[in-house]
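The values are calculated or read from the model by the stated rules, or taken from the named source; none is laboratory data. The structure presented is a predicted model; accordingly, all values stated were derived computationally and were not measured. Backbone-built Cβ (ideal geometry, glycine too); neighbour counts: all protein chains shown. Surface areas here come from the heavy atoms of the whole protein model, side chains and all, with no ligands, DNA or RNA. Shrake-Rupley method; radii C 1.70, N 1.55, O 1.52, S 1.80 Å.
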Amino acid sequence: LTRGSWPLCSPSTGKVEVPYSARFHLHQPGRHPDGIRSVGGLQMDQDFNHLPVMAAEVIALFGTVPRGWAIDATVGGAGHSLRLLQAHSHLSVLGLDRDPSAVAAARERLASHGARAQVLAARFDSLAEAALTVDGPVVGVLFDLGVSSPQLDVADRGFSYRHDGPLDMRMDPGSDLTAYDVVNGYSPANLARLFRDNGETRWAGRMADAIVRGRPVRGTQQLAELVASAVPAAVRRRGNPASRAFQAIRIEVNAELEVLERALDQLPGLLAPGGRVVVLAYHSGEDRIVKGRFLSWSGGTCTCPPGLPCACDAPRLGRIMNKGARKPSAAEVETNPRAASARLRAFEMSGGTTE
Ligand SMILES: C[S@@+](CC[C@H](N)C(=O)[O-])C[C@H]1O[C@@H](n2cnc3c(N)ncnc32)[C@H](O)[C@@H]1O
């Protein structure tokens, strides 16, 4: 592929993608022009029903990057992408998502921006390849990790312990591994490892044993009950233990940590001077990976004695934009409780005009 050429294959589905051609999207009467409506006291975006997290902070971070393309690697319902296009006339947006329903929603929401908005069905570890389909420098990459509200809310997707549904949890319904395979096929030791590493629970072994005893596990409700039965009542009263188990299984089914590592490794070769990476992580495993990459790119892994020129070849690609991770405001969490665990980190490549 060369820049500006098509098509692009989704790595997981093998489906050939065609470029998005702009269609005029009529504003529906009774809706906020930005697509936001109020449902049951919660603010939601129309169609895809996902409210973008830390949107003001994300949009501000891309304000000073050079003219070019921002890749929204997790476009979802295009909440961030739409705001980027509206706020920054020097930016075009290439949105990626591995979930075809998100791709359809994003295409519709970005339609009125014409050629400034492109959306592809792709997993974000094919980010460098996807960037070949647009003409111009890549000046920003945004990752808003994890799942979207509609993915969680549609019972048939199997992501949520709150609704009974099939054991699926695939973001890309064309991919092979399902939650059913993990829950019914993994050894007790492997299940326990998942719950410990990705679910960060001290009840990992007990949860794994309860699941294995309950096999075959056929649906999300049965899984949630088995997990809950494995922990003491006092722990259950502090919050549903299934949330950690479900998170752990979802991360495994979608290989989320491995895919993130592969995607981040493509960025130094992709971003233009002065370009920025912004990551919203919702899980400590993801956040650790991001923090580690940013530290290493900034020269933070240099082992040379202080005051002497660096002789260890540690990369010095740019700067970490804030000390520690930024969190959403209390007001945002109150409006959108799903923002609560968000941690924002940003990195700027050297050579920009803001240095
Ligand atoms: C939190 S939502 C993003 C919401 C979006 N920022 C918005 O404002 O509407 C995360 C999205 O990323 C997608 N996703 C997660 N991992 C992905 C990956 N490795 N490659 C592509 N898309 C991914 C999910 O399917 C989901 O639609």
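Here is a check on your reading of the model: is Asp125 over 16 Å from the mean Cα position of the chain (by Cα), open to solvent by 20 Å² or more (accessible area, probe 1.4 Å) and within 13 Å of the ligand (Cβ to nearest atom)? Spelling it out, it is not the case that Asp125 is over 16 Å from the mean Cα position of the chain (by Cα), open to solvent by 20 Å² or more (accessible area, probe 1.4 Å) and within 13 Å of the ligand (Cβ to nearest atom).
Open to solvent by 20 Å² or more (accessible area, probe 1.4 Å), at pLDDT 95 or above and of a type in the set (Asp, Glu) - does that describe any residue in region 104-120? Looking for residues that are open to solvent by 20 Å² or more (accessible area, probe 1.4 Å), at pLDDT 95 or above and of a type in the set (Asp, Glu), one finds at least one in region 104-120, hence yes. Does at least one position in region 54-76 carry a residue that is more than 8 Å from the ligand (Cβ to nearest atom) and acidic (Asp, Glu)? There is at least one residue in region 54-76 that is more than 8 Å from the ligand (Cβ to nearest atom) and acidic (Asp, Glu).
Going through Tyr180, Tyr186 one at a time, which residue ends up being in contact with a strand residue (DSSP E or B) (Cβ under 8 Å, 6 or more places away or on another chain), away from the ligand (no atom under 16 Å from the Cβ) and hydroxyl-bearing (Ser, Thr, Tyr)?
Details: Tyr186 fails: in contact with a strand residue (DSSP E or B) (Cβ under 8 Å, 6 or more places away or on another chain).
The conditions single out Tyr180.
Scanning region 172-183 for residues that are buried (at least 17 other Cβ atoms within 10 Å of the Cβ) and more than 15 Å from the chain's Cα centre (by Cα) turns up Ser175, Thr178, Ala179, Tyr180, Val182, Val183. Among the residues making up region 308-355, those that are assigned to a loop (DSSP other than H, G, I, E, B), free of Cβ contacts under 8 Å to residues at least 60 places away in the same chain and among the hydrophobic types (A, V, I, L, M, F, W, C) are Leu308, Cys310, Ala311, Cys312, Ala314, Leu317, Ala325, Ala340. Within region 254-269, can you find the residues that are away from the ligand (no atom under 11 Å from the Cβ) and either of a type outside the set (Asp, Glu) or open to solvent by less than 40 Å² (accessible area, probe 1.4 Å) (or both)? Once the filter is applied, which keeps residues that are away from the ligand (no atom under 11 Å from the Cβ) and either of a type outside the set (Asp, Glu) or open to solvent by less than 40 Å² (accessible area, probe 1.4 Å) (or both), region 254-269 yields Leu264, Gln266, Leu267, Pro268, Gly269. The set of residues in region 144-156 that are at pLDDT 95 or above and surrounded by fewer than 23 Cβ atoms within 10 Å (Cβ to Cβ) contains only Leu145.
So, of the residues in region 330-344 that are polar (S, T, N, Q) and open to solvent by less than 60 Å² (accessible area, probe 1.4 Å), which turns out to be farthest from Pro268 (Cα to Cα)?
For region 330-344, the residue satisfying everything is Asn336.
When Met169 is tested against (1) over 20 Å from Asp99 (Cα atoms); (2) open to solvent by less than 30 Å² (accessible area, probe 1.4 Å), only condition (1) is not met.
Condition first: more than 11 Å from the ligand (Cβ to nearest atom) and small (Gly, Ala, Ser). Can you find one or more residues in region 79-88 that meet it? Give the steps one after another, and end with the answer.
Taking region 79-88 first, the residues more than 11 Å from the ligand (Cβ to nearest atom) are 85-88.
After this cut, where a residue has to be small (Gly, Ala, Ser) as well, the list is 87.
Within region 79-88, one or more residues are more than 11 Å from the ligand (Cβ to nearest atom) and small (Gly, Ala, Ser).
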